[in-house]
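The block underneath contains the structure these notes are about, expressed in structure tokens.
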Protein chains: 4
Amino acid sequence: MELALTINELTAYLAEIFPQMRGEFEFENLRFNALRVRMKVAEHHLRPGGTVSGPSMFALADVAVYAMVLARVGRQALAVTTNCSIDFMRKPAANSDLIADCRLLKCGKVLAVGDVLIFPDGDAKPVARASLTYSIPPAG
Amino acid sequence: MELALTINELTAYLAEIFPQMRGEFEFENLRFNALRVRMKVAEHHLRPGGTVSGPSMFALADVAVYAMVLARVGRQALAVTTNCSIDFMRKPAANSDLIADCRLLKCGKVLAVGDVLIFPDGDAKPVARASLTYSIPPAG
Amino acid sequence: MELALTINELTAYLAEIFPQMRGEFEFENLRFNALRVRMKVAEHHLRPGGTVSGPSMFALADVAVYAMVLARVGRQALAVTTNCSIDFMRKPAANSDLIADCRLLKCGKVLAVGDVLIFPDGDAKPVARASLTYSIPPAG
Amino acid sequence: MELALTINELTAYLAEIFPQMRGEFEFENLRFNALRVRMKVAEHHLRPGGTVSGPSMFALADVAVYAMVLARVGRQALAVTTNCSIDFMRKPAANSDLIADCRLLKCGKVLAVGDVLIFPDGDAKPVARASLTYSIPPAG
């Protein structure tokens, strides 16, 4: 079994279908069942208290699983999230990038499930965890 | 039992603590256990396929429960989401505002729980549902 | 649009496929998008502190959405839960039945989504809320 | 930092507070942030189609995180689940025990968060994943 996309193909494809995200996320490491994504934390990610906002961490988890699924099934831009559960466990500092470690737990014909731990760069304690289900459109 | 904030006070407080959101969300109806919020859908909310993105709907659900909790407990900007579960059920059209109907199910001293149904304006079928837990900082 | 099963047919079908549940759950009210289920709380539902256990409330929510989906799609015993998110908000007293009010939010060809509020009989404050996704096997 | 309970103390304490569970769960491996639990699958865990039921897997995940939290904070029987999100990904065969691998992701003063992967004994593919939040009562 092989990945459908290399890390460079994945990067190029995401930049093509989500041009507004360009420069926000970097794919650092891609394996058959795992992907590491870096979010470059900037002003618009923050909320009161000088911490990264919930929607920003949700977006990071969502991109990580989406990209992991595409790496497996190919250029299926219309794959859609059907469910996400996310726990916010600690406040990330405002001045570090966030790293998402995604594991792909299931990649079926119809549904894929992945989970994600989010860490501040260089910190071993996760600030958030998430699990997401994606619905994969029928090939055609 | 009374609300801690009126709908105008809530609007002013959110604009103060989240200036970047100004104009994005409108509070349309506030009751003791319920709040209706409108998200003015714009270009930056969209994703491939011409539909509102998951993170945008997450942000709407998050704001709705956050605002509902503040309406009850007062100006506690540091209340934080500890958990969210969200189901994306249908694709919202790109050209309608989204309406979030939030119910506050629990408002304890430490934790508050609310759920949200999200509808395109004028459509009876929900496009998403979410439930969120907020941790309320100790008063003082 | 009509329901595929009446409340009596639903009761008979569940008793047939889950004989071990007989007498534990009663379907009290069935509409096109909603079902009320009563769980007769007994000793084996309890946990330390004299309250109904989490797994018992999970089972109630799961049965409520499962039965609601079957009422719509017919005798599809092999429909399976793919996801559940549940919040436990208050401790139910040990000496009341629990009532689950289920709403069916989506009933697609592949996935159905419902949510549930659980109340002690005669009490207006919910003790738990849950949302569940069911995968419906292809007809045939 | 040390665990508050050894694996033998944990086993004895759970048997004391949940006598009805005796023999159903075995704690196989306890570390500072991780616990492995075996569920001895029996007839009453099954559902139509010859597979382990959702509530049984929920109970396994719930026990795993509960026991992990008690191993850290001591004999706090009244710790309660406030939230669980669970994904059912594959059908477990009826004739294998299930193994739950729990990681403790946060153990704060008020809230603890853990996640769990559930595998059939001897199988590398997870059948379910869950994440749970526990509320820890104030010491006293």
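Please pick out the residue among A:137, A:126 that is at the interface with chain D (Cβ under 9 Å from one of its Cβ atoms), assigned to a loop (DSSP other than H, G, I, E, B) and at negative phi.
Just a single option satisfies the conditions, and that option is A:126.
Quick check: anything in segment C:40-63 at pLDDT below 95, in contact with a Leu (Cβ under 7 Å, 6 or more places away or on another chain) and under 28 Å from residue A:132 (Cα atoms)?
Yes, that holds for at least one residue.
Determine if segment D:12-20 includes at least one residue that is charged (D, E, K, R) and exposed (fewer than 14 other Cβ atoms within 10 Å of the Cβ). Steps first, please.
From segment D:12-20, those charged (D, E, K, R) are D:16; that's our starting set.
Still in the list and also exposed (fewer than 14 other Cβ atoms within 10 Å of the Cβ): D:16.
Scanning segment D:12-20, I find at least one residue that is charged (D, E, K, R) and exposed (fewer than 14 other Cβ atoms within 10 Å of the Cβ), so the answer is yes.
Looking at (1) in contact with a strand residue (DSSP E or B) (Cβ under 7 Å, 6 or more places away or on another chain); (2) more than 10 Å from chain A (Cβ to nearest Cβ), which is the only condition residue B:62 fails?
Unmet for residue B:62, out of (1) in contact with a strand residue (DSSP E or B) (Cβ under 7 Å, 6 or more places away or on another chain); (2) more than 10 Å from chain A (Cβ to nearest Cβ): (2).
So for segment D:76-91 (the condition being touching a Pro at 6+ places or on another chain (Cβ under 7 Å) and in contact (Cβ under 8 Å) with a residue 60 or more places away in the chain), does at least one residue qualify?
yes
Among the residues of segment D:78-110, which ones are closer than 16 Å to residue C:54 by Cβ and in contact with a strand residue (DSSP E or B) (Cβ under 9 Å, 6 or more places away or on another chain)?
If the condition is that a residue be closer than 16 Å to residue C:54 by Cβ and in contact with a strand residue (DSSP E or B) (Cβ under 9 Å, 6 or more places away or on another chain), then D:79, D:80, D:81, D:82, D:83, D:84, D:85, D:86, D:100, D:102 are the ones that fit.
Mind listing whichever residues of segment A:1-24 are within 17 Å of residue A:101 (Cα to Cα) and at pLDDT below 95?
Within segment A:1-24, A:24 is the sole residue that qualifies.
In this structure, does residue C:46 turn out to be touching a helix residue (DSSP H, G or I) at 6+ places or on another chain (Cβ under 9 Å) and either on the phi > 0 side of the Ramachandran plot or surrounded by 20 or more Cβ atoms within 10 Å (Cβ to Cβ) (or both)? Give the derivation first.
Values: touching a helix residue (DSSP H, G or I) at 6+ places or on another chain (Cβ under 9 Å): yes; either on the phi > 0 side of the Ramachandran plot or surrounded by 20 or more Cβ atoms within 10 Å (Cβ to Cβ) (or both): no.
No, not satisfied.
Residues that are more than 22 Å from residue A:90 (Cα to Cα) and within 12 Å of the chain's Cα centre (by Cα): which strands (runs of 3 or more DSSP E) entirely in segment D:1-118 hold 1 or more of them?
D:25-30, D:34-39, D:98-107
Please specify each residue of segment C:21-50 satisfying the condition of being in contact with a strand residue (DSSP E or B) (Cβ under 9 Å, 6 or more places away or on another chain) and farther than 22 Å from residue D:81 by Cβ.
If the condition is that a residue be in contact with a strand residue (DSSP E or B) (Cβ under 9 Å, 6 or more places away or on another chain) and farther than 22 Å from residue D:81 by Cβ, then C:26, C:27, C:28, C:29, C:30, C:32, C:33, C:34, C:35, C:36, C:38, C:40 are the ones that fit.
Of everything in segment B:97-116 that's more than 7 Å from every other protein chain (Cβ to nearest Cβ) and free of Cβ contacts under 8 Å to residues at least 60 places away in the same chain, which residue is surrounded by the fewest Cβ atoms within 10 Å (Cβ to Cβ)?
If we take residues in segment B:97-116 being more than 7 Å from every other protein chain (Cβ to nearest Cβ) and free of Cβ contacts under 8 Å to residues at least 60 places away in the same chain, then B:109 is surrounded by the fewest Cβ atoms within 10 Å (Cβ to Cβ).
Scanning for something closer than 19 Å to residue C:57 by Cβ and at the interface with another protein chain (Cβ under 10 Å from one of its Cβ atoms), does segment D:87-94 turn up at least one residue?
Step one: of segment D:87-94, the residues closer than 19 Å to residue C:57 by Cβ are D:87-88.
Now narrow it down to the ones that are at the interface with another protein chain (Cβ under 10 Å from one of its Cβ atoms): D:87-88.
Within segment D:87-94, one or more residues are closer than 19 Å to residue C:57 by Cβ and at the interface with another protein chain (Cβ under 10 Å from one of its Cβ atoms).
Taking segment D:66-96 as the search range and keeping residues that are among the charged types (D, E, K, R) and surrounded by fewer than 24 Cβ atoms within 10 Å (Cβ to Cβ), which one is nearest to residue D:6 (Cα to Cα)?
D:72
The values are calculated or read from the model by the stated rules, or taken from the named source; none is laboratory data. What you are looking at is a predicted structure, and each value in this text was computed from that prediction instead of being measured. Note that each Cβ is placed from the backbone with ideal geometry, even for glycine, and that neighbours are counted across all protein chains shown.
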